Structures are given as structure tokens and as C-alpha cells.
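To start, the structure itself, in C-alpha cells.
The values are calculated or read from the model by the stated rules, or taken from the named source; none is laboratory data. Computed from a predicted model, the values in this text were never measured in an experiment. Virtual Cβ from ideal backbone geometry, glycine too; neighbours counted across all protein chains shown.
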């Protein structure tokens with residue numbers, strides 16, 4: 001029997017990525033959608049022949065699991081309610097609008113015994129998995145560099161407004177940090193400089209005496225989309241463009257593993273605890289950027 005899934009959100013990511021992937025999944029059945037924009041919500045629901053729910057609470061009894069594609073502030077509140085109702089959750093990597101909201105969501109998920117998985121899209125691409133499991137260990141890694149260059153937040157782009165408002169660090173930052181963290185070990189400390197809505201640079205300290213640097217911008221030329229990670233060590237170097245590794249099959253893998261997690265009753269390895277770790281790193285970096293800006297430091301300009 002298919003797992004009944006509700007889609008939370010009706011924006012670009014929901015319409016162009018998640019809804020089509022859910023529709024072609026042989027194990028997940030889309031049974032309803034919820035969104036804040038009535039026109040987008042009704043159009044999406046009509047396209048897939050499912051109910052459009054104006055009230056989130058009315059959606060919960062109709063599904064076994066929920067896939068989220070909404071702003072972090074909205075996700076933290078709604079997902080906590082769903083976790084308390086023992087629903088499985090596929091979540092955006094930034095769990096909440098702030099660290100407190102993310103922590104409340106994690107508590108709700110733990111207390112509700114909710115199965116959780118993060119939509120860290122790059123990690124479901126086969127090439128990225130081979131990079132982390134095979135190529136990186138061969139280098140005997142000591143350090144790494146990561147560079148995310150995108151035009152997603154440039155004027156005229158189709159990205160949702162809330163993503164542009166949050167800036168690259170709090171939008172795509174968790175994805176780049178996740179890969180660096182997976183390659184070198186847990187990030188223990190971070191220093192930041194740059195502009196939250198422009199170019200951001202991070203110096204990251206991992207465990208075992210390993211270090212990395214991450215640079216990111218989402219206001220590049222339209223159509224630009226690269227996520228380059230290179231790991232170095234005595235055994236050589238390993239390189240991946242994580243964005244180039246992603247295709248339609250990546251979402252299929254993500255949803256198949258979500259179905260596995262729901263059926264087993266066990267959260268994915270990329271779960272809410274992973275999300276909280278990444279959000280703490282992002283929060284620390286964002287706090288330093290704000291401190292530098294308020295102090296008028298050249299590093300913050």
C-alpha cells in the first residue's frame with residue numbers, strides 16, 4: 001500500500017521539483033497540498049487532482065507523511081505540529097527561522113517519535129556519494145575548499161522571495177557546509193566575513209586538525225550554478241561539482257529513501273539532528289557577519 005504524503009508549500013520548488021517527483025514515485029501517494037497562496041495552491045492541487053487544504057490541521061488526518069517546501073519560520077511551526085501527531089517529515093535543511101525555532105522542532109520530533117529526513121539534495125546524487133565514500137578517503141584528507149556560485153537570487157530569477165531575502169548563507173549555505181562536514185568531519189568552529197546578501201566567506205575548523213574554506217554567492221550571473229568542492233591530503237585531491245551531479249533522478253532517490261525510512265520507522269542518516277548541527281554553524285556565521293557589519297569593520301563590508 002502506498003504511503004500517503006501531503007505536500008506543504010506551493011512555490012517554485014514544490015511545483016517544479018517535489019510535486020512531479022511525488023507524482024512519479026511508485027511508493028508515495030500525493031493526497032493533498034497546503035500553501036499560503038490560494039491561487040498557487042489551487043492550481044497545484046488541480047494539476048495533480050488532489051485536495052487543496054486551507055487549514056494545515058485538516059491535512060494531518062489525511063496523510064502518513066509530509067514533504068515541506070516552505071520558509072523556515074513556517075516549517076518550524078507546522079512541522080512541530082505534524083511531529084506531535086507522529087507524522088514522518090521530509091524537511092528543508094534550515095529547520096527554522098532561527099536557532100530557537102530549530103531546537104523546538106527537534107524536541108517535537110524526538111518527543112513525537114517522528115521519522116525525519118532532510119532535503120539536502122546534493123547528498124542523494126550518486127556522484128556526490130561516490131566522491132564522499134571513495135574519492136575523499138583516498139586523499140587522506142587534511143583540508144578542503146568549497147565554492148558556491150549561483151545566480152538564484154539575482155533580480156528576475158524565479159526563486160521564491162523568502163529565499164532571496166534570507167541570503168545565500170541561510171538558503172544554500174547548509175548544502176555546502178554539509179558536504180564539507182561530511183568530507184572532513186564535524187565542523188567545530190566557524191569564522192565569517194562578507195555580505196549576507198552578496199559574497200560570504202567562511203573559515204571552518206573541523207575535528208582532527210582539519211580545516212576548510214567556503215565561499216558563496218547567489219547573486220551571480222543569471223543561469224550560473226556551480227557548487228565546487230575540492231579535498232586535499234597526502235594521497236592527492238578529489239573534486240566534485242555537486243550542482244552538476246544533480247538530476248531528476250536525485251529527487252527520486254531522496255523520496256525512495258524517505259519511503260524506506262517511513263516503512264522502517266527509523267529516521268534517515270540525514271535527520272533533524274543533522275539539520276540542527278548545520279543550523280548552529282549557519283547561526284554562528286550569521287551572528288559574526290552581523291557583528292562585523294554593526295562594528296563597521298572592513299571585513300563586514
- If you take the residues of the stretch 105-141 that are in a loop (DSSP other than H, G, I, E, B) and crowded, with 17+ Cβ neighbours inside 10 Å, which of them is farthest from the chain's Cα centre (by Cα)? 139
- Message: Can you report the number of residues in the stretch 237-266 which are farther than 30 Å from residue 138 by Cβ and within 16 Å of the chain's Cα centre (by Cα)?
- Response: 2
- Message: Quick check on the stretch 277-289. Is at least one of its residues in contact with a helix residue (DSSP H, G or I) (Cβ under 8 Å, 6 or more places away or on another chain), exposed (fewer than 15 other Cβ atoms within 10 Å of the Cβ) and at pLDDT below 95?
- Response: no
- Scan of the stretch 250-273 for residues that are over 19 Å from residue 30 (Cα atoms), part of a helix (DSSP H, G or I) and in contact with a strand residue (DSSP E or B) (Cβ under 6 Å, 6 or more places away or on another chain), ordered by number: 272
- Message: Residue under question is residue 59, and the condition is that it be in contact (Cβ under 8 Å) with a residue 24 or more places away in the chain, surrounded by 20 or more Cβ atoms within 10 Å (Cβ to Cβ) and under 24 Å from the mean Cα position of the chain (by Cα); does it hold?
- Response: yes
- Working only within the stretch 72-93, note down all residues that are farther than 16 Å from residue 104 by Cβ and surrounded by 15 or more Cβ atoms within 10 Å (Cβ to Cβ). 87, 88, 90, 93
- Looking at (1) part of a strand (DSSP E or B); (2) under 15 Å from residue 285 (Cα atoms), which is the one condition that is false for residue 175? (1)
- Item | Yes/no for residue 182 being assigned by TED's automatic domain parsing to the domain that holds residue 36, touching a helix residue (DSSP H, G or I) at 6+ places or on another chain (Cβ under 9 Å) and part of a helix (DSSP H, G or I) | no
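So, in the stretch 211-224, how many residues would count as being buried (at least 20 other Cβ atoms within 10 Å of the Cβ) and within 19 Å of residue 280 (Cα to Cα)?
3
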- Does the stretch 145-162 contain any residue that is assigned to a helix (DSSP H, G or I) and touching a helix residue (DSSP H, G or I) at 6+ places or on another chain (Cβ under 9 Å)? yes
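Could you identify the single residue in 90, 40, 66 that is under 15 Å from the mean Cα position of the chain (by Cα) and farther than 16 Å from residue 171 by Cβ?
90
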